[in-house]
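Undergrad: Please read through the structure below; I'll follow up with questions.
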Amino acid sequence: MPKESLIKADKVSKKYCKDLKLGLLYGVQDIIGEFNPFSDKERPKLRREEFWANDDISFEVHRGDCLGLIGSNGAGKSTLLKMLNGLIKPDSGRIEMRGKVCALIELGAGFNPLLTGLENVYINGTVLGLRKSEIDAKLESIVEFSEIGEFLHMPVQSYSSGMKVRLGFSVAIHLEPDILLLDEILAVGDAAFRAKCFNAITEISRNAAVIFVSHFMPDVSTVCSELLVLGGGRMRYLGDDVTEGIDKYHQLFSDTQSHKVIEGRARLESIQINGEVFSKERSDRYDIQDDQPMRIDLWVDCIDPLINAGIVLTFHETSGKPVAQSFSSTSGFVMEKVAAGLWHVGAHFLCLPFAPGRYTVTVSCMEMLDTVRRGEIYFRVENVFCLLISGSFPGYTPVQLRAKWLSHE
């Protein structure tokens, strides 16, 4: 039996204007055109300073599916969600939404800040067509899930961002929508509440159509059954192979990133990964499986002798957040004295305990006063190379630790 289609977008496009005054003028012209029976109703052409925020987007989401909507900042994700929620209308194409829709696409959206959390719960439920008795029956569960306790009777304008998320998400899932739209809203929640939310998304997606927007790929791979990847407002991937979709997402980012180089008594002369020579001038990409070994070899040109020299490798997510480091000093490797000239040093990793994704690596050489404290920086090169790690994993954190598990009777 085929699944019921709840969301359908057919060749949807939306354009914006970069210039405010021109945008206001175009808006007036478009409104007049709406009432002109002889105006062209086909896909409009771009005028001066206009661009497509969404360009010819088509997809379908069925009951029981969770579609991950991913892409870089400015790819058109939020614009598409706003059209799906009816906040703005497309310039061309058609959108069909069947059933009750709950959307968390802005922090505190749908809440009146002057009213209490309790009053907003009843207003949200009423808007979705629930009777007061139905909301009364769900209220205790809503409050318990949100964990905001006595703050329920305070005005929403006094809530922290995390409290707004707690109440908004709790209301959304307890009103049992047919369609749930989530736009990066869980990023401000604490770890314990986020875990509850992901369990709830998994549960609600069995009987609803969910669209989930996030820049954190482990979250996407955990809850999504399908992916739509946007780049520059256009579709770059649509399908149910989540791993392939995430790879397409990472490929949207430039493989060349600007280096920030600090040089002192030494400079990085050459680098190899598993024997493959990499340029020190740009961040070349190396593709590797998460269970494969990796050897990094560095050739350092020591302009002056180095004292107590150690190497630090720092791994960063695409957002720039550091997720792991390797200090040579913690492995007992510190060179008490390195003579001027070329110095070769290497690090061997048995495997890479990372979730699949794109990571950049920064290489530093510095004086190690002890295993923790550091002194003079001899050189530092940011984004010296990029790792595109592939593999399958069940978790949602950047680092995936492997262990030997035993059962004791």
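Undergrad: For region 1-102, give the magnitude of the charge dipole about the Cα centre (Cβ charges: +1 Lys/Arg, -1 Asp/Glu; no others), in debye to the nearest 20. Write out the running numbers ahead of the final one.
TA: Values: 19 positive and 15 negative charges, 39 e Å.
Its charge dipole is roughly 180 debye.
Undergrad: When the accessible area of the chain is split by element with a 1.4 Å probe, what percent falls to carbon and sulfur?
TA: Heavy-atom surface of the chain belonging to carbon and sulfur, 1.4 Å probe: 52 percent.
Undergrad: Provide the gained length on full extension for the span Phe333 to Lys321, in nm with one decimal, where the gain is 0.36 nm per separating residue minus the Cα-Cα distance. Walk me through the intermediate numbers first.
TA: On the way: separation 12, 0.36 × 12 = 4.32 nm, distance 2.62 nm.
This chain segment gains 1.7 nm when fully extended.
Undergrad: Mind listing the long-range amide H neighbours of Tyr378? Cut-off is under 5 Å, sequence gap 5 or more, other chains count too, H placed in the peptide plane at 1.01 Å from N.
TA: Cys365, Met366, Glu367
Undergrad: Which of Val384, Leu306, Gly33 sits farthest toward the positive end of the charge dipole of the chain, with +1 on the Cβ of Lys and Arg and -1 on the Cβ of Asp and Glu?
TA: Sorting the options by dipole projection puts first Gly33.
Undergrad: Further question on the same structure: Just by accessible area at a 1.4 angstrom probe, what is the order of Met235, Met366 from largest to smallest?
TA: Sorted descending by solvent-accessible area, the residues read Met235, Met366.
Undergrad: Let me ask something else. Identify which of Ser270, Ser72, Ser225 has the largest mean-square fluctuation in a Gaussian network model of the chain, with springs joining Cα atoms closer than 10 Å.
TA: Looking only at Ser270, Ser72, Ser225, the largest GNM fluctuation is found for Ser270.
Undergrad: Same structure, new question: What dipole magnitude, in Debye to the nearest 20, does the chain give about its Cα centre under +1 on Lys/Arg Cβ and -1 on Asp/Glu Cβ? Walk me through the numbers before you get to the answer.
TA: On the way: 45 positive and 54 negative charges, 156 e Å.
For this selection, approximately 740 debye.
Undergrad: Cross-link partners among aspartates and glutamates for Lys21, C-alpha distance below 16 Å, same-chain residues fewer than 8 apart left out?
TA: Asp30, Glu49, Glu50
Undergrad: Averaged per residue, what accessible surface does the chain expose to a 1.4 Å probe, in Å²?
TA: Values: 21060 Å² over 409 residues.
Spelled out: the 1.4 Å probe surface of the chain, per residue, equals 51 Å².
Undergrad: Which of the pairs Lys77/Lys132; Lys3/Lys89; Lys45/Lys82; Lys18/Lys82 have their Cα atoms more than 29 Å apart in this structure?
TA: Values: Lys77/Lys132 35 Å; Lys3/Lys89 27 Å; Lys45/Lys82 22 Å; Lys18/Lys82 19 Å.
Violating the 29 Å Cα-Cα cut-off are Lys77/Lys132.
Undergrad: Can you work out the PRE-style zone for Lys3? Point 7 Å along Cα to Cβ, and I want the residues of region 152-178 with backbone N under 15 Å.
TA: Zone members listed by number: 178.
Undergrad: Of Pro353, Pro155, Pro305, which is the most mobile in a GNM of the chain whose springs link Cα atoms less than 10 angstrom apart?
TA: Of the options given, Pro305 has the highest mean-square fluctuation.
Undergrad: Give me P(r) over the chain, computed from all C-alpha to C-alpha distances, binned every 10 Å, as integer percentages.
TA: Binned Cα distances yield the sequence 4, 18, 22, 21, 17, 11, 5, 1, 0.
Undergrad: Grab the DSSP H runs of the chain that are 4 residues or longer, score each as -39,500 (n - 2.57), total them, divide by all residues and round the 222 nm result to the nearest 500 deg cm²/dmol. It would help to have the intermediate numbers written out before the result.
TA: Numbers: 8 runs with 94 residues, N = 409.
Helix-only estimate at 222 nm: -7000 deg cm²/dmol.
Undergrad: Over 32 Å between C-alpha atoms is what I'm after, so list which of Lys8/Lys248; Lys164/Lys260; Lys138/Lys248; Lys11/Lys138; Lys196/Lys404; Lys11/Lys100 land there.
TA: On the way: Lys8/Lys248 23 Å; Lys164/Lys260 39 Å; Lys138/Lys248 41 Å; Lys11/Lys138 39 Å; Lys196/Lys404 28 Å; Lys11/Lys100 23 Å.
Pairs exceeding 32 Å: Lys164/Lys260; Lys138/Lys248; Lys11/Lys138.
The values are calculated or read from the model by the stated rules, or taken from the named source; none is laboratory data. Since the structure is predicted, the reported quantities are computational estimates derived from the model, not experimental observations. Note that we place each Cβ from the backbone using ideal geometry, even for glycine, and neighbour counts take in every protein chain shown. Keep in mind that these areas ignore ligands, DNA and RNA; they rest on the heavy atoms of the full protein, side chains included. Shrake-Rupley method; radii C 1.70, N 1.55, O 1.52, S 1.80 Å.
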